[in-house]
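J.: Below is the structure I would like to discuss, written out as structure tokens.
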2 protein chains.
Amino acid sequence: MDGPELHLDIATVCLSGTLEDKLAAAGAAGFDGVEIFEHDLVVSPWSLREVRARCADLGLSIDLYQPFRDFEAVPPDVLAANLRRAERKFDVMEQLGVDTVLVCSSVSPDAVDDDDLAAEQLHALACRAADRGIRIAYEALAWGRFVNTYEHSWRIVRRGDHPALGLCLDSFHVLSRGSDIAGIRVIPGSRIFFLQLADAPRLRMDVLQWSRHHRLFPGQGAFDLTAFTGTVVATGYDGPVSLEVFNDVFRQADPARTAVDAMRSLLLLREDIATTGPVRVRDRMGVADLPAAPQPTGYAFCELTTAGSGAPDPTPVLAGLGFVHMGQDESSSARLWQQGDARIVVRTTGFGGVRIGALGVETPDPAVAARRAERLLAPTDSGGGADPAVTAPDGVTLVFCRPGSDWTADFTAAEPSAVHTCGITGIDHVSLTEPFDDFDRTALFYRAALGLRPEPETEFAAPFGLIRSRSATDRDRRIRIALNVAALRRGDWAPAVPDPQHIAFTSEDVVASARAMRALGAPLLDIPDNYYDDLDARFALPLGRLASLRECSVLYDQDEHGEFLHFYTHMLGSHLFFEVVQRIGGYQGYGAVNSPVRMAAHRQFRLTREAADRPDPRPR
Amino acid sequence: MDGPELHLDIATVCLSGTLEDKLAAAGAAGFDGVEIFEHDLVVSPWSLREVRARCADLGLSIDLYQPFRDFEAVPPDVLAANLRRAERKFDVMEQLGVDTVLVCSSVSPDAVDDDDLAAEQLHALACRAADRGIRIAYEALAWGRFVNTYEHSWRIVRRGDHPALGLCLDSFHVLSRGSDIAGIRVIPGSRIFFLQLADAPRLRMDVLQWSRHHRLFPGQGAFDLTAFTGTVVATGYDGPVSLEVFNDVFRQADPARTAVDAMRSLLLLREDIATTGPVRVRDRMGVADLPAAPQPTGYAFCELTTAGSGAPDPTPVLAGLGFVHMGQDESSSARLWQQGDARIVVRTTGFGGVRIGALGVETPDPAVAARRAERLLAPTDSGGGADPAVTAPDGVTLVFCRPGSDWTADFTAAEPSAVHTCGITGIDHVSLTEPFDDFDRTALFYRAALGLRPEPETEFAAPFGLIRSRSATDRDRRIRIALNVAALRRGDWAPAVPDPQHIAFTSEDVVASARAMRALGAPLLDIPDNYYDDLDARFALPLGRLASLRECSVLYDQDEHGEFLHFYTHMLGSHLFFEVVQRIGGYQGYGAVNSPVRMAAHRQFRLTREAADRPDPRPR
């Protein structure tokens, strides 16, 4: 099929702030056009002429005015008032220069269940609209009183039989009802006047509340937007593809960031359709300039930043875990530590606590990987040295390295430090902690930039609130990134960082590793006896094995595929700790069930230390 | 009916933090006992002996160990493992000195739908429990796989037929299913082993998610806990009444504050049962020491605090609204301004921005009202001068004044200020803005302390996020308090105070008031033209009327009872503005539909002013 490339739109209702804020954000993120939400206009001090001029300045077409509600299937007096209201809105549209208005299926108590009447009244509206050069895009709300499926709205549009009367399809309204999208294939593309996209998590709740609070950009939820969008475009529809997404977070987040996240989701959606969608529409996706996703082969390194003197220093802990100091860079600000294939760069930046500052990812063509990330709107980062790098939305530098490349040659060999290997063989996963509001966009970014696949999301009750955890990994599970978030985090009760970052190393025998590290003086976290009594009640492990877990403060989990053994260090400052893990059999999780135990133990250790640091109040 | 007074418990799972934090909070709030949640114990470094000793020190009995899950109706090998697990937990209970364990109806894929088998296996469990002096309280989870109503769990308990096997009733599990509580009346009180209470908002969503994220303390949701609790107690049940409440907020909030909120909700529930519950149980409520709710007759005054020199000063605005300076107190730190029956005290405190610091409420017996508030765990406040006062959870001082009392005599008459009355007749409502996490407890407190009734909650999309609004009023609508909250508020986009506090004055002709105030130079807020064009489209108001609203920037709303006209001042600092309202007919709302218009206009004004304040960058 031939046809123009997609015209990418965003609805102003997706973005927080006033109309000025929203238009500026949409323009800066590179959108082609906008839907203007009526209420954004009503509260704006700008005249319609000013709005129109501003959009033109920003290169944004105004493609839809929305919404017009509760129009059809009403008694004559209500119809008269509705037509009067519509004419007023046509006046607004004329001045804005927008030719399509969204009419949602009615939720009004005035409406009756009569398709013929609905079609007749929509026909009357279309006649008046056509006189003004305007088209009516009729949409079935998923909670419409009588019309709540796209099939039903299409029957009414056909019966209404007017060239200025067509359909608006919104993926949320279609997919939240579980409708079969195959029926879209019988609708001529020319009768679809507008296409709105929203993803959402699969929730079992009232569909209006689900829509109002939980919509997400494509790729962030559970809907198959690739199939939906591909099917609509395959009808011959050549109008805008527009995001219609709102949720509690977007309503209050910086619109510039939301707009970038939105555009990134559309770029990925286009790529996905170009790869897996209907053959006839692939050429219309315009993705020639988006390089293919990299195929990461492992972690090259993980870099910790630290403030330097006076701040917590990770190097004694690394030494305690059996890492060897391999060398330092020219400026002496970065030191390389290694054990097995686990490489940690410790960089002194002069500010901040200890945090994960950069991830080195091995991939066959680093330059292509970086170009892809930049095309996905990630800023270029100079932090990678000779290797190309970008900045992730959470501020972490993503460095792309060729496998086996000699980036370690940058580090002058150190004085040989004592070698006490403790069985660490590599990096299993890196866990980053995101602010709640950044969770979805950060997760989408890492998946998009690294070509990772999402793993099932988990949520668990921790001592200071709910923690949600989402991870992603490549097909061979060489790169695992876990993102954790506190479901709420406010007020001054509880730790400022409820679930800090961590790096998890692999060992083939964690009990032996723990013993060797304790002998080296590593600050490993003690786990309470009560935990092991409960473990006994739950799993009835062999007594000797339970005893060695208890002795070494190693935690345990199992799933249908295998077992997971792991232990932790104390906190390094307030943002970071290390973990050592052993996967037995096909266990694929991260031991989330034990995270609350770890959090309580970290808190207990801190309280004990604080108590010890306090001057003794007793008289001497 | 005779019987002991209620024994008030709280489950440790209601409270955030570690077991130490939770027990300390429960003890400090005056609870009689606790349910201990297994996971709190598992993560605790305290031995069981230490936990038992700590509870004894705090005067807390340990009344329930919970939960034991997925026990019944399973194949023999699973039963054997479950019995082993139970014996381990009985060991724990013995050491803790707790004699009742909660067993939840199964959600396990191992379970089968066989009531006889469930009863038989629970009987076996009860036999073993009885040998250890332990009782089994079997509870139907609302999402139990086969057993999910209390009627069903009661059939199984009867069939299980063992004196150590009884029921646990949890109001959430019963009421979320819409079960008829009349069936509880046929259960002998002696077979109910435990009673758990939770309220919740009425939501249409998956019941497990509803339970996990949205439980509330009694009186904060939509369930009729008075009827439920009264019905259970009327069976002769004489065990603890225990709160089993968790939600996203409580999981991360200071447990000391949560525990006080919890106790307050139980005190009110007891009062409600003593007033309206089954006659037979009223004597058991032990509410003789809780004075009856006051019957407020109006606002005596509203006090604004201001930092003084350099800080925003409300007095020129009050003068512009036509208020008259009546006098000042001895220390000259407080000045009284009056118009009609609206009295505003402006107190200079030397710190903070302009905020509502105190509300003076007229009530026939101020001393009794204050005693009631104190019994409801509100701290006494010395801020009321000669009048008794308490501090609300949001820090506002609540001062109780006798109607027509001469508290204004404290204010020395001022030099007569110019008198330009602008038609203000009194205070219509006061709107306080709460942090999200304080919303439910603050709302409960005001209702409890002032004897107010809740009005319907509203939620609306504002330019910087969703706003939820809840108001309460007395029977005669003389005191109206609105509490507004931002559904989320994080990050640095958008105003720090998304919806500031305000005081709304009444006028019998707001258009005339607005004109008079503009003539006096009052800083009234301009409303955009687009708003009036939309008003025309929506309501088709007579043209003259629309013109005068537009001219005076007066906003409009209507409901089935009447009309609402209102206008606003600019912001005073970042926390406060004034409103003038006119209610025509029986309109009972607060014009929430217009709040987003006001918020955008406030922001627009601030941006314009900031732009004007910036030095002109052009060369001269």
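J.: Only sites in a loop by DSSP and with at most 16 other Cβ atoms within 10 Å count here; which GluC sites (Glu not before Pro) in the stretch B:314-398 make the cut? Please report the intermediate quantities before stating the final value.
T.: Numbers: sites: B:Glu330, B:Glu362, B:Glu374; in loops: B:Glu330.
Those satisfying the criteria are B:Glu330.
J.: Using the Kirkwood formula on the Cα atoms of the protein assembly as shown, what hydrodynamic radius do you get, in angstrom to one decimal? Please list the in-between numbers first.
T.: Working: mean 1/r = 0.0295 Å⁻¹.
Taking every pair of different Cα atoms in the protein assembly as shown, averaging 1/r and inverting gives 33.9 Å.
J.: May I ask you to compute the full-extension gain from B:Arg515 to B:Arg204, defined as 0.36 nm times their residue separation minus their alpha-carbon distance, rounded to one decimal in nm? Let's see the in-between values first.
T.: On the way: separation 311, 0.36 × 311 = 111.96 nm, distance 4.74 nm.
My answer for the length gained is 107.2 nm.
J.: I've got another one for you. Output the residues of the stretch A:52-88 meeting this criterion: accessible area (heavy atoms, 1.4 Å probe) in the chain alone minus accessible area with all protein chains in place is 20 Å² or greater.
T.: So the qualifying set is A:Arg84, A:Arg85, A:Arg88.
J.: Starting at the first residue of the stretch A:103-118, write each ³J(HN,Hα) from the Karplus equation 6.51 cos²θ - 1.76 cosθ + 1.60 with θ = phi - 60°, in whole Hz, x for Gly and Pro.
T.: So the J values, rounded to whole Hz, are 10, 7, 4, 6, 10, 7, x, 6, 6, 10, 8, 8, 4, 5, 5, 4.
J.: Stokes-Einstein D for the stretch B:429-468 at 20 °C, 1.002 mPa s, Kirkwood Rh over Cα pairs, in µm²/s? Spell out each step's value before the answer.
T.: On the way: Rh = 11.6 Å.
The diffusion coefficient I find is 185 µm²/s.
J.: OK, next. Please compute the modelled spin-label separation between A:Glu563 and A:Ala81, points set 7 Å along Cα→Cβ, answer in nm with one decimal.
T.: A separation of 7.2 nm, rounded to one decimal place.
J.: Related question: Using the Cα atoms of the stretch A:500-620, I'd like the radius of gyration and the largest Cα-Cα distance, Dmax, both in angstrom.
T.: Radius of gyration, then largest Cα-Cα span, for the stretch A:500-620: 15.8, 60 Å.
J.: Could you give the spread of the C-alpha atoms of the stretch B:377-465 along their three principal axes, from largest to smallest, in whole angstroms?
T.: 46, 35, 23
J.: Dimensions of chain B along principal axes (Cα, Å, largest first)?
T.: Per principal axis, max minus min of the Cα coordinates gives 90, 53, 52 Å.
J.: Next question, about the same structure. Sort the stretch A:162-214 into rounded, prolate or oblate with this rule: let a ≥ b ≥ c be the square roots of the eigenvalues of the Cα gyration tensor; rounded if a/c is under 1.5, and if a/c is not under 1.5, prolate when a/b is larger than b/c, oblate otherwise. Intermediate values should be presented prior to the final figure.
T.: Numbers: a/c = 3.01, a/b = 2.01, b/c = 1.50.
In terms of gyration-tensor shape, prolate.
J.: Please compute, for the alpha-carbon atoms of the stretch B:39-176, the extent along each of the three principal axes and give them in descending order in Å.
T.: Principal extents (Cα only, largest first): 44, 35, 28 Å.
J.: Assuming a viscosity of 0.890 mPa s and a temperature of 25 °C, what translational diffusion coefficient in µm² per second does Stokes-Einstein assign to the stretch A:298-607, Rh being the Kirkwood radius over Cα pairs?
T.: Values: Rh = 19.9 Å.
After rounding, the answer is 123 µm²/s.
J.: Right, next: Using the 2.2 N^0.38 Å rule of thumb for compact globular proteins, work out how the stretch B:303-429 stacks up: its C-alpha Rg over that value, please.
T.: Rounded to two decimals, the normalised Rg is 1.08.
J.: Within the stretch A:36-84, which trypsin sites (Lys or Arg not before Pro) sit in a loop by DSSP and count at most 13 neighbouring Cβ atoms inside 10 Å? Don't jump to the answer; show the numbers that get you there.
T.: Working: sites: A:Arg49, A:Arg52, A:Arg54, A:Arg69, A:Arg84; in loops: A:Arg69.
Nothing satisfies the criteria.
J.: Next question, about the same structure. Only sites in a loop by DSSP and with at most 11 other Cβ atoms within 10 Å count here; which chymotrypsin sites (Phe, Trp or Tyr not before Pro) in the stretch B:283-366 make the cut? Don't jump to the answer; show the numbers that get you there.
T.: Numbers: sites: B:Tyr299, B:Phe301, B:Phe323, B:Trp337, B:Phe351; in loops: B:Phe323, B:Phe351.
Hits after loop and neighbour filter: B:Phe351.
J.: At 7 Å along the Cα-to-beta-carbon direction for both B:Thr349 and A:Phe539, put a label point, then send me their distance in nm to one decimal.
T.: Result for the modelled spin labels: 5.4 nm.
J.: Name the residues whose placed amide hydrogens come within less than 5 Å of the amide hydrogen of A:Gly219, ignoring near sequence neighbours (fewer than 5 apart) on the same chain.
T.: When sequence neighbours closer than 5 places are left aside, the close amide H contacts are A:Leu225.
J.: Let me check against my output: what whole-number percent is the relative contact order of chain B, with C-alpha pairs under 8 Å and at least 6 apart? Mind dumping the intermediate values first?
T.: Working: 1291 pairs, mean separation 60.6, N = 620.
It rounds to 10 percent for chain B.
J.: Find the centroid of the Cα atoms in the stretch B:18-68 and in the stretch B:378-450, then give the distance between the two in whole Å.
T.: What the calculation gives is 40 Å, centre to centre.
J.: Carbon and sulfur together cover what percent of the accessible area of the stretch A:8-285 at a 1.4 Å probe radius? Walk me through the numbers before you get to the answer.
T.: On the way: 4610 of 9460 Å².
The nonpolar share, carbon plus sulfur, comes to 49 percent.
J.: May I pose another question? Hey, what's the Cα Rg ratio for the stretch B:97-238 versus the globular rule of thumb, 2.2 N^0.38 Å?
T.: Here the answer is 1.03, to two decimals.
J.: If the viscosity is 0.890 mPa s and the temperature 25 °C, what translational diffusion coefficient in µm²/s does Stokes-Einstein give for the stretch B:265-366 when Rh comes from Kirkwood over Cα pairs? Don't skip to the answer; put the middle values down first.
T.: Working: Rh = 16.6 Å.
For these conditions, the coefficient is 148 µm²/s.
J.: Assign one of three labels to the stretch B:168-262, namely rounded, prolate or oblate, based on the Cα gyration tensor with a ≥ b ≥ c the square roots of its eigenvalues; rounded applies when a/c is under 1.5, prolate when it is not and a/b is larger than b/c, and oblate otherwise. It would help to have the intermediate numbers written out before the result.
T.: On the way: a/c = 2.34, a/b = 1.46, b/c = 1.60.
Note, shape of the stretch B:168-262 comes out oblate.
J.: Right, here's the next one. Between A:Val368 and A:Arg280, what is the spin-label point distance in nm, taking each point 7 Å from the Cα along the Cα→C-beta axis?
T.: Once both label points are built, they end up 3.2 nm from each other.
J.: Restricting things to Cα coordinates, could you compute the convex hull volume per residue of the stretch B:8-285 in Å³? Could the numbers behind the result be given before it?
T.: Values: hull volume 32.7 nm³, N = 278.
Each residue corresponds to 118 Å³ of Cα convex hull volume.
J.: Could you tell me the relative contact order of the stretch A:299-457? Use alpha-carbon pairs under 8 Å, at least six residues apart, and round to a whole percent.
T.: Values: 298 pairs, mean separation 42.6, N = 159.
Answer for the stretch A:299-457 is 27 percent.
J.: Now, a different point. Stretched out fully, how many nm does the piece from B:Glu151 to B:Ala53 gain, at 0.36 nm a residue minus the Cα gap?
T.: On the way: separation 98, 0.36 × 98 = 35.28 nm, distance 3.82 nm.
Value of the extension gain: 31.5 nm.
J.: Further question on the same structure: FRET efficiency for A:Glu551 and A:Glu610, Cβ-Cβ distance as r, R0 = 30 Å, nearest 0.05? Could the numbers behind the result be given before it?
T.: Numbers: r = 27 Å, r/R0 = 0.91.
Computed FRET efficiency for A:Glu551 and A:Glu610 comes out at 0.65.
The values are calculated or read from the model by the stated rules, or taken from the named source; none is laboratory data. No experiment lies behind these values; they were computed from the predicted model shown. Counting neighbours? That spans all protein chains shown, and the Cβs are built from the backbone with ideal geometry, glycine included. SASA here: full protein model, heavy atoms, side chains in, ligands and nucleic acids out. Shrake-Rupley method; radii C 1.70, N 1.55, O 1.52, S 1.80 Å.
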